[in-house]
Amino acid sequence: MDTKEHRLLVEITDATKVFYSGKLATNVLKNVDLRIYEGDFLMILGKSGSGKTTLMNIIGFLDRLTTGTYSFLGEDISHLSENKKSEIRNQNVGFIFQQFHLIQSLNVSQNVELPLVYGGESNRKERLKLSKKYLELVGIPEKMQAKTTELSGGQQQRVAIARALINEPLIIMADEPTGALDSETGAGVMELLKGLNRSGKTIVMVTHDEDLLAYATRVIRMQDGSFIEEERMNG
Ligand SMILES: Nc1ncnc2c1ncn2[C@@H]1O[C@H](COP(=O)(O)OP(=O)(O)OP(=O)(O)O)[C@@H](O)[C@H]1O
Ligand SMILES: [Mg+2]
């Protein structure tokens with residue numbers, strides 16, 4: 001299925017992740033195989049401690065495998081330097097977290113602009129233009145100059161989504177993006193993510209909420225570091 005419309009973005013093969021604390025080894029991922037195609041809305045479910053966030057961190061270049069291989073767009077990334085991986089991450093991956101992770105000392109627009117700053121965009125007008133574009137896309141252009149502490153939870157998550165989108169990454173990684181929101185506000189965020197997915201954005205999301213699976217095109221269930229089931233959904 002490696003057509004132009006469905007490029008193979010991520011290919012993880014026979015992956016393990018072991019955390020060591022002193023002499024004690026914990027096998028957090030066990031023989032995981034995963035392919036992510038462009039346009040997927042992949043949801044990952046599993047009990048607390050099953051390895052979901054660890055897997056997300058590996059997919060998003062925030063952590064490395066203990067054994068196994070990881071190719072991104074066909075390139076083996078396991079031997080790249082941390083600097084090179086940071087560069088690929090900043091260009092290709094946008095992150096959304098349960099607790100939003102906005103920087104309170106910066107206003108809304110400055111938060112959204114951060115990936116551009118990290119990417120070396122020094123033209124302030126260009127940054128402002130793009131941040132306005134993405135704040136419009138997420139439905140809160142009027143909050144551009146607001147303090148993040150003046151926003152509701154749902155608005156803060158929209159800022160985080162705009163920040164995740166501003167570099168036009170290939171993949172959005174969302175770890176429990178609705179976990180801190182009431183169900184109605186969470187549904188608004190899910191509709192926004194689904195709209196992005198319909199327009200072609202690849203999304204990988206962790207959730208505990210079975211009700212949200214209807215938004216997915218694929219669902220993987222994890223248990224003790226392994227995939228126990230994969231379902232295809234209508235999305
Ligand atoms: N940096 C680390 N050092 C040691 N152990 C870790 C580290 N990060 C995670 N673990 C362990 O790996 C296991 C999986 O953790 P992970 O955060 O991936 O679970 P999770 O599925 O995301 O859980 P939750 O639903 O609670 O977020 C846990 O047993 C955890 O204690
Ligand atoms: Mg987690």
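The values are calculated or read from the model by the stated rules, or taken from the named source; none is laboratory data. All figures in this text were calculated on a predicted structure; none of them were measured in a lab. Every residue, glycine as well, gets a Cβ built from its backbone with ideal geometry; the counts of neighbours run over all protein chains shown. Surface accessibility is based on the protein's heavy atoms, side chains included, excluding ligands, DNA and RNA. Shrake-Rupley method; radii C 1.70, N 1.55, O 1.52, S 1.80 Å.
What the phi angles of region 133-149 give under the Karplus curve with 6.51, -1.76 and 1.60, with θ = phi - 60°, is a coupling list of 4, 7, 5, 5, 4, 8, x, 9, x, 6, 9, 3, 9, 6, 7, 5, 6 Hz, glycine and proline written as x.
Our estimate of slack between Ser71 and Lys30, defined as 0.36 nm per intervening residue step minus the Cα-Cα distance, is 13.0 nm. Seen against the Cα atoms of the chain and their longest principal axis, helix 153-165 is set at about 70 degrees.
Cα centroid separation, region 34-83 to region 8-24: 9 Å. What a 1.4 Å probe finds exposed on the chain is 47% carbon and sulfur by accessible area, rounded to a whole percent. Helical runs assigned H by DSSP (4 residues or longer) give the chain a calculated mean residue ellipticity at 222 nm of -9500 deg cm²/dmol, each run adding -39500 (n - 2.57) before division by the residue total. A Förster radius of 30 Å, combined with the Cβ-Cβ distance separating Asn123 from Gln99, puts the computed FRET efficiency at roughly 0.45. Modelled spin labels at Ala187 and Asp224, positioned 7 Å past Cα toward Cβ, are 3.8 nm from each other. Computed over the chain with a Gaussian network model linking Cα atoms closer than 10 Å, the most mobile of Gln157, Gln98, Gln145 is Gln145. Amide H contacts for Ile44 (H built 1.01 Å from N in the peptide plane; partners 5 or more residues away or on another chain; cut-off under 5 Å): Met205, Val206, Thr207, Ile220.
If you take the square roots of the eigenvalues of the alpha-carbon gyration tensor of region 27-186 and sort them as a ≥ b ≥ c, do you get rounded (a/c under 1.5), prolate (a/b over b/c) or oblate? It comes out oblate by the Cα gyration axes. Placing R0 at 35 angstrom, the Cβ-Cβ distance between Asp211 and Lys84 gives a FRET efficiency of 0.30 after rounding to 0.05. Choose one of Phe100, Thr54, Ile36: the residue whose Cα lies farthest towards the positive end of the charge dipole of region 28-156 (beta-carbon charges +1 Lys, Arg; -1 Asp, Glu; about the Cα centre). The residue sitting most towards the positive pole is Phe100. Averaged per residue, region 8-232 has 48 square angstrom of accessible surface, using a 1.4 angstrom probe with ligands and nucleic acids left out. Remark: region 8-232 carries a charge dipole of roughly 600 debye about the Cα centre, counting +1 on each Lys and Arg Cβ and -1 on each Asp and Glu Cβ.
Phi angles across region 120-128 convert, under the Karplus curve 6.51 cos²θ - 1.76 cosθ + 1.60 with θ = phi - 60°, into 3J(HN,Hα) values of x, 6, 9, 7, 5, 5, 4, 4, 4 Hz, Gly and Pro given as x.
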